[in-house]
1. Return the distance in nm (one decimal) between the two label points of a simple spin-label model at Asp39 and Glu65, each offset 7 Å from Cα along Cα→Cβ.
2. Pull out the extension gain between Thr15 and Ser32, defined as 0.36 nm times the separation in residues minus the alpha carbon to alpha carbon distance; nm, one decimal.
3. By counting other Cβ atoms within 10 Å of each Cβ, how are Leu93, Leu13 ranked from fewest to most?
4. Using mean Cβ contacts within 10 Å as the protection proxy, how do 19-31, 35-47 order, highest first?
Amino acid sequence: MAYSKTIVKRVGLSTGQELVIVDVSPDAASGSITMSDYDTVKVLGVVPLIEDPDDNAQVAVEAKENASTENQVDKKLWKATNTAAGAYNDFRLTLLCE
């Protein structure tokens, strides 16, 4: 399942790589995004965006590079107990892309 993504900022590095900050809106517990402007991506960090602290939404996000598609990031959301099936909050990724 593909999540929707919004690129917040791109910062060019002297190595030719870019640091890219991406906001991601999930619609399921697992899915992926593809960074089609790049050949490879490395995940540097992921942070859940707490929109409503009383919402009892996911408590963690796992993000890692796809083993076969080098410009794709796979994610899994770990949710708190008793969270409704459709309650997934946004998160932000920091990626190293080239």
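1. 1.3 nm
2. Details: separation 17, 0.36 × 17 = 6.12 nm, distance 2.65 nm.
Difference between extended and current length: 3.5 nm.
3. Numbers: Leu93 23, Leu13 11.
Listed from fewest to most nearby Cβ atoms, that is Leu13, Leu93.
4. Values: 19-31: 16.1, 35-47: 14.2.
Result, highest mean first: 19-31, 35-47.
Every number here is computed from the coordinates shown, using simple stated rules; none is lab data. As the structure is a computational prediction, the values presented were derived from the model and not from experiment. FYI the Cβ positions are ideal-geometry reconstructions off the backbone, even for glycines, and counts take in every protein chain you see.
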